[in-house]
Amino acid sequence: MIRVLVVDEVRTICEMISTVLRSEPDLEVVGCASSLDEAALYLGQCELAVVNASMANEASVRLVRGLRRLAPQVKLVVMGLAHTEQAMAQCLEAGVAGYVWQDSSVDELLQRLHAAAHAENLVMPSLAGTLMSYVTAPVGMGEAGIDRCPPHNLTRREREVLGLLRQGMTNQEIAGILVIELGTVKNHVHNILRKLKVSSRRDAVHVSRLAGLWTGEHAALAMPRRPEIRTDRPALYSRVVGVSN
């Protein structure tokens, strides 16, 4: 059962959305909130929060960021998103897990909710081009004054570290695989977050995935290089360990 919180500043709309979601057998609506303070009462009881972004754009962004700050473990799906790059970029920057356009159907909303609940990055075809242009834009480009470094500006080692972050590895595990100091790993992670203009490892992986870092030649560059084990000098090995052939 997927527990969902519905957030909309208009109580009537909030209750209407809740009624629709309750008709789904695998969705449980834990509450209906019309403000951030009211939403805070339910955040500990849900995995997903549906936020209606049809209100003024700045108010929507503040609400989403407030929810993320209070409950980073809750996945947010924004519905009613305007067909503008600025609206999309601000929601992406805020770290939402799914998007639904203003003119999307109820079926599309349900599809996005299920995708977010199962950690699937389901990107609508109409949104994919905008996302790609946003995350790969050179510094100084993009709307809302957001500057982001494209993943191809990462060094080879930073790509390798990012590839291991993508696999959910800790700094200690990364240090062991790449045979480098733990402090060096921390420096690489810090540089990755700084270059991609994100605040968490999860967001760094998310942005790089949307930018296509894990496909084609970019994926090859991001694959960590394993330490080489030389096996072509048995005579030298024998002399070192005192074993004769």
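The values are calculated or read from the model by the stated rules, or taken from the named source; none is laboratory data. For clarity, every value in this text was computed on a predicted model and none was experimentally measured. Counting neighbours? That spans all protein chains shown, and the Cβs are built from the backbone with ideal geometry, glycine included.
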Does segment 55-73 contain at least one residue that is at pLDDT below 85, surrounded by fewer than 21 Cβ atoms within 10 Å (Cβ to Cβ) and in a loop (DSSP other than H, G, I, E, B)?
-> yes
Which of the residues that make up segment 154-188 are within 19 Å of the chain's Cα centre (by Cα) and surrounded by fewer than 15 Cβ atoms within 10 Å (Cβ to Cβ)?
-> Gln167, Gly168, Thr170
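Inside segment 1-33, can you point out the residues that are in a loop (DSSP other than H, G, I, E, B), of a type in the set (Ser, Thr, Tyr) and in contact with a strand residue (DSSP E or B) (Cβ under 8 Å, 6 or more places away or on another chain)?
Scanning segment 1-33 gives no hits.
Does Leu127 satisfy the criteria of being modelled with pLDDT under 70 and assigned to a helix (DSSP H, G or I)? Steps first, please.
Working: modelled with pLDDT under 70: yes; assigned to a helix (DSSP H, G or I): yes.
Considered against the rule, which asks whether it is modelled with pLDDT under 70 and assigned to a helix (DSSP H, G or I), Leu127 comes out as yes.
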Could you please find all residues in segment 1-46 being hydroxyl-bearing (Ser, Thr, Tyr) and closer than 18 Å to Arg65 by Cα?
-> Ser34, Ser35, Tyr42
